[in-house]
1. Quick check on the range A:313-320. Is at least one of its residues out of contact with any Phe, Trp or Tyr (no Cβ under 6 Å at 6 or more places or on another chain), within 12 Å of chain B (Cβ to nearest Cβ), in a loop (DSSP other than H, G, I, E, B) and farther than 27 Å from B:ALA351 by Cβ?
2. If you go through the range A:64-102, how many residues are among the hydroxyl-bearing types (Ser, Thr, Tyr), out of contact with any Leu (no Cβ under 6 Å at 6 or more places or on another chain) and part of a loop (DSSP other than H, G, I, E, B)?
3. When the residues of the range A:229-238 are filtered to those that are more than 8 Å from chain B (Cβ to nearest Cβ) and crowded, with 24+ Cβ neighbours inside 10 Å, which remaining residue is nearest to A:ILE177 (Cα to Cα)?
4. Among the candidates A:ASP237, A:ASP266, A:ASP249, single out the residue that is touching a residue at least 12 places away in the same chain (Cβ under 8 Å) and more than 29 Å from the chain's Cα centre (by Cα).
5. Could you check the range A:111-126 and list, in sequence order, the residues that are in a loop (DSSP other than H, G, I, E, B) and either more than 8 Å from chain B (Cβ to nearest Cβ) or of a type in the set (D, E, K, R) (or both)?
6. May I ask you to verify whether B:SER275 is closer than 28 Å to B:PRO251 by Cα, in a loop (DSSP other than H, G, I, E, B) and within 12 Å of chain A (Cβ to nearest Cβ)?
7. Residues in the range A:99-126 that are closer than 17 Å to A:ARG158 by Cβ and in contact with a Cys (Cβ under 9 Å, 6 or more places away or on another chain): how many?
Number of protein chains: 2
Amino acid sequence: MTDHHAGAPVPEQSGPGAEVAQTLRRVRLTAADYLDELLALVPSGPGVERVPIDEAAGRVLAADVAAAVSNPAFTNAAMDGYAVRAADVTNLPVRLRVVADVPAGSSADPRIGAGECVRIMTGAPLPTTADTVVPVEDTDGGLAEVEIRAAEAGRHVRHAGEDYPAGQVVAAAGVRITPGVLGAVAAAGATSVTVRRRPVVAVCATGDELVADGAALVRGQLYESNSHVLAAALRRDGAQVVRGGPVPDRPEPLAGWLDEVAPSADLIVVTGGASVGAYDVVRDLLTARAGGVFRQVLVQPGKPQGWAHWAGTPVIALPGNPLSASLCYEFFVRPVVERLLQVAGPAEFTAVAAADWGCPPGRMQLLPVRLGSGPDGRLLARPVHTRGSASHLTSALGGADAIGIVPAEVDRVVAGDLLRVRLFG
Amino acid sequence: MTDHHAGAPVPEQSGPGAEVAQTLRRVRLTAADYLDELLALVPSGPGVERVPIDEAAGRVLAADVAAAVSNPAFTNAAMDGYAVRAADVTNLPVRLRVVADVPAGSSADPRIGAGECVRIMTGAPLPTTADTVVPVEDTDGGLAEVEIRAAEAGRHVRHAGEDYPAGQVVAAAGVRITPGVLGAVAAAGATSVTVRRRPVVAVCATGDELVADGAALVRGQLYESNSHVLAAALRRDGAQVVRGGPVPDRPEPLAGWLDEVAPSADLIVVTGGASVGAYDVVRDLLTARAGGVFRQVLVQPGKPQGWAHWAGTPVIALPGNPLSASLCYEFFVRPVVERLLQVAGPAEFTAVAAADWGCPPGRMQLLPVRLGSGPDGRLLARPVHTRGSASHLTSALGGADAIGIVPAEVDRVVAGDLLRVRLFG
């Protein structure tokens, strides 16, 4: 710790001053309007590439995938058992002669005459002359002859094309490739798919107070976490991340980092220094040199935010407080990444508030919530903390699985009120 | 296509026979009991390792993370503005002399006397002699002297330790490291964390009918998708995956693949060949050579399933139908992977059925559902298809975001009924 009683000298030229405060007061924007400004930063995505399906999980489809064949491609047995003619199994039990054996993968189509049947395995093509499969459990399992004990005409048959016809789109452009989508695509015959290129997003935290190496803190310092949270969230959302920083509160190091990352990045995200303080280097540098536009957004947390273009690359400036940065990422930056990827946003649900809390007048509120179930099938949302403005509560970050979004016109949420929630995952 | 009218000869020795059918009939198990058998296969996980936090997202914490310092570590300003003594701002407006400037990251603690104040930035340490922060917006922003226009005693101050004290566990062993958890851990001073080693899971699909290279299909063939779905789901759940196959329906190639992967795998998962057909090579080989235990599980889809140990490594045999394999992965295998990782399972909710459908008597039903919201905050679950047993509907795989779980004793679900659902994500 340095001398406790010697404050830094008052800078002459860099104070916020009455003008700045006045200007900022004028450019208040609703959260929706500000989000529209940010979305306009990325009119187009970073293009497409072809990848083998084994590397496609988590990517975003950039072109529809149409089925190479109908599904099923051929009428087949839904059970292990015997392919029979319904006419032969109306009076039970009955004994039939087993004239052939059709395993899965066989292309055989043995002819079945009256009183005959074929032993057949699940998925194997149903002989053209059969119309019914009798499960082995409803027989004596005989090999040369079999006793059929129960049967139902037409049962246990999967008809060609009953799922979809050839040419059907099984996964549409703009879909994120979950394991299930991958299955649909692979089953339809695709071995590679066209996906959006991963946007490259550079991220850093700014602030003289930030310590990144775990060293013991002195008064005034804190551990840098924003770049880690944002990098992990960006990767979760499909970006490639270049993580830098922490960058001190001086223009040269920040400009140097921006110069370094801008040429290869589709988007740059910085945290801190975006407010009305005397040392808000992000605001000062971006305003002076990158057409920076700084706003008082009608949201809590996250009032001071801004954007710019550094050497042509869009830059988004988030607040420095960890909870603010994290929540503002989810609400303001994630949609920008999703636009770059041309993919729909996360699932949004209507939940029921499970507690009371206050909301800032005239500002939309974002808060971390934990979801649960009510006994009647209602989705419950419980705030991880109920001190709405406590943007330094980093402990809240870990316990949430969604963000709650309270409209600006609501000044108090009461247990039982409906609440919009958006899943993190 | 080969000759349509020449079925394979009936094998003399490999038929299921009456005994096998009888035996299988006897070893019926409920889904819960079968899941217990599978969980017992993995009494312990694959150990732990230390990773830098930059590589920790998605991993599972293997040890509690305790905070190096309290949070906030020092009492600090919640806003950009002026640190004042409440006693000096009881009568407003008032002009105060600005005696120092404390930016974020400064360790200064300037003394404030009567009629004095200090300009301060968000996050900067509050001078010991101050007790209140006045936001710059409530002042004229002066540098040498400032006019305070509005103030509230004690406001805009974050007190040391008000989030948590030093030593507090900010993330507990067994937690999956989301971006939020990563933030809590980084903010608490950790630069690396102890996580579970990723279990190595080898997976392959078996079946002579499977085509993996996208070649045109002949009668009886279909495109292999299970290994892709399972690999993607296993990676999503935290495993390292060795993907093999497809393996033909003969013992030697399957034994060869098992020999190859078993030494380095924590778990092996195969699909297909687990039923009562004459060519069910997985069942036959594992039963003969690996202590295989095959069950008729009281679940739909997924009745025939089994497990074994190959050279000491647990093997789980899933059904071959794509939808069955995928749903049975979620219900039966994912919990095994989660036990290896010592992590809790996915969020489970009570939803409201949004359609009617039939359920198999006496068997638990798994079905893919799509979640949505009712107007009253109810979570709605709509089946992607309502043909309960249509396990070949690979198109259903892509459209779901959860599995619905219907207990065995329910034989029909009616819109409005409550339904247990488990998120895929």
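The values are calculated or read from the model by the stated rules, or taken from the named source; none is laboratory data. Values in this document were obtained by computation on a predicted structure and should not be read as measured data. Please note: Cβ atoms are built from the backbone with ideal geometry, for glycine as well, and neighbour counts cover all protein chains shown.
1. yes
2. Of the residues in that region, 2 qualify.
3. The initial filter retains those residues of the range A:229-238 that are more than 8 Å from chain B (Cβ to nearest Cβ), namely A:234, A:237-238.
Among the residues that remain, those that are also crowded, with 24+ Cβ neighbours inside 10 Å are: A:234, A:237.
On the way: A:LEU234: 17, A:ASP237: 12 Å.
Per the criteria, the residue is A:ASP237.
4. A:ASP249
5. Selection gives A:ARG111, A:ILE112, A:GLY113, A:ALA114, A:GLY115, A:LEU126.
6. On the way: closer than 28 Å to B:PRO251 by Cα: yes; in a loop (DSSP other than H, G, I, E, B): yes; within 12 Å of chain A (Cβ to nearest Cβ): yes.
Yes; evaluated as a whole, the condition is true for this residue.
7. Going through the range A:99-126 one residue at a time, the tally reaches 0.
A quick yes/no check of all residues on (1) in contact with a Phe, Trp or Tyr (Cβ under 9 Å, 6 or more places away or on another chain); (2) more than 25 Å from A:ALA265 (Cβ to Cβ); (3) modelled with pLDDT of 95 or more; (4) outside the structural domain of A:TYR329 (by TED's automatic domain parsing):
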{"position": "A:LEU24", "(1), (2), (3), (4)": "yes, yes, no, no"}
{"position": "A:VAL27", "(1), (2), (3), (4)": "yes, yes, no, no"}
{"position": "A:ALA32", "(1), (2), (3), (4)": "no, yes, yes, no"}
{"position": "A:LEU35", "(1), (2), (3), (4)": "yes, no, yes, no"}
{"position": "A:LEU38", "(1), (2), (3), (4)": "yes, no, yes, no"}
{"position": "A:GLU55", "(1), (2), (3), (4)": "no, no, yes, yes"}
